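Trainee: Got a structure for you, questions after.
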Amino acid sequence: MSKIKEIKADNLTVKMFDSRQAMGENAAKEAASKIKELLAQKPEINMIFAAAPSQNEFLDSLIGDKGIEWDRINAFHMDEYIGISKDAPQAFGNFLKDKIFGKVNFKSVNYIDVSAKDAEKECERYSKLLKKYPADIICLGIGENGHIAFNDPPVADFNDKKLVK
């Protein structure tokens, strides 16, 4: 299994693979290289992870790299449902705990509190954390319909009246 095609347009490189496994392994190899490069320059780094089955092969391969100093990485997750139980299998934090957060020894793991009584205050709390620990690497996927996180085209027009920082 391997890369079958690579396309470049300006600063964008698109790589196509013959399997999800090959794609996940390649993405993990590239991410691990960047993690190690940044850790050679900084005492710690901050990473944000997406939670979706499309990340399985990537996460499995990434945690398989024994050269990553996880104890120098602060981990965050990208998005979450609100108003569900902390134990709900649908919670993205639980997905990430099962796939990576519970499998390697991060310096810290920072969850969005799905059971927060005030979603606005929880957003403010998490926003402050992200400002205190600016992301060095964001591991995200783009859904098959082009969505990123919960921003589904054509519903998301990104012209919301409320400014999101």
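The values are calculated or read from the model by the stated rules, or taken from the named source; none is laboratory data. Note that this is a predicted model, so its numbers are computed, not measured. So basically every Cβ, Gly included, is an ideal-geometry build from the backbone, and we count neighbours across all protein chains shown. Just so you know, the surface numbers come from the protein's heavy atoms only, side chains and all, with ligands and any DNA or RNA stripped out. Shrake-Rupley method; radii C 1.70, N 1.55, O 1.52, S 1.80 Å.
Trainee: Looking at region 107-165, which of the residues that are assigned to a strand (DSSP E or B) and in contact with a Leu (Cβ under 9 Å, 6 or more places away or on another chain) is modelled with the lowest pLDDT? Talk me through it step by step, then tell me what you get.
Mentor: So the first thing to find is which residues in region 107-165 are assigned to a strand (DSSP E or B), and the list is 108-110, 137-139, 148, 151.
Those still in the list that are in contact with a Leu (Cβ under 9 Å, 6 or more places away or on another chain) too: 109-110, 137, 139, 148.
Details: Val109: 98, Asn110: 97, Ile137: 98, Cys139: 95, Ile148: 76.
Looking at residues that are assigned to a strand (DSSP E or B) and in contact with a Leu (Cβ under 9 Å, 6 or more places away or on another chain), I get Ile148.
Trainee: Could we say that Asp71 is exposed (fewer than 14 other Cβ atoms within 10 Å of the Cβ), within 30 Å of Lys121 (Cβ to Cβ) and of a type in the set (Asp, Glu) here?
Mentor: On the way: exposed (fewer than 14 other Cβ atoms within 10 Å of the Cβ): yes; within 30 Å of Lys121 (Cβ to Cβ): no; of a type in the set (Asp, Glu): yes.
Against the criterion (exposed (fewer than 14 other Cβ atoms within 10 Å of the Cβ), within 30 Å of Lys121 (Cβ to Cβ) and of a type in the set (Asp, Glu)), Asp71 does not qualify.
Trainee: Tell me which of these Asp65 doesn't satisfy, since it passes every other one: (1) assigned to a loop (DSSP other than H, G, I, E, B); (2) within 16 Å of the chain's Cα centre (by Cα).
Mentor: All conditions are met except number (2).
Trainee: So which residues in region 74-100 are closer than 23 Å to Lys128 by Cα, of a type in the set (A, V, I, L, M), open to solvent by less than 30 Å² (accessible area, probe 1.4 Å) and part of a loop (DSSP other than H, G, I, E, B), if there are any at all? Give the steps one after another, and end with the answer.
Mentor: The initial filter retains those residues of region 74-100 that are closer than 23 Å to Lys128 by Cα, namely 74-84, 86, 91-94, 96-97.
Then drop every residue that is not of a type in the set (A, V, I, L, M), which leaves 75, 78, 82, 84, 91, 96.
Next, only the ones that are open to solvent by less than 30 Å² (accessible area, probe 1.4 Å) stay: 75, 91, 96.
The one that is closer than 23 Å to Lys128 by Cα, of a type in the set (A, V, I, L, M), open to solvent by less than 30 Å² (accessible area, probe 1.4 Å) and part of a loop (DSSP other than H, G, I, E, B): Ala91.
Trainee: Criterion first (open to solvent by 60 Å² or more (accessible area, probe 1.4 Å), touching a helix residue (DSSP H, G or I) at 6+ places or on another chain (Cβ under 6 Å) and either assigned to a helix (DSSP H, G or I) or free of Cβ contacts under 8 Å to residues at least 24 places away in the same chain (or both)) does Glu25 satisfy it?
Mentor: Values: open to solvent by 60 Å² or more (accessible area, probe 1.4 Å): yes; touching a helix residue (DSSP H, G or I) at 6+ places or on another chain (Cβ under 6 Å): yes; either assigned to a helix (DSSP H, G or I) or free of Cβ contacts under 8 Å to residues at least 24 places away in the same chain (or both): yes.
Answer is yes for this residue.
Trainee: Sticking with this structure for a sec: State whether the residues of region 33-44 include one that is touching a residue at least 24 places away in the same chain (Cβ under 8 Å), surrounded by 13 or more Cβ atoms within 10 Å (Cβ to Cβ) and closer than 22 Å to Asn151 by Cβ.
Mentor: No: region 33-44 contains no residue that is touching a residue at least 24 places away in the same chain (Cβ under 8 Å), surrounded by 13 or more Cβ atoms within 10 Å (Cβ to Cβ) and closer than 22 Å to Asn151 by Cβ.
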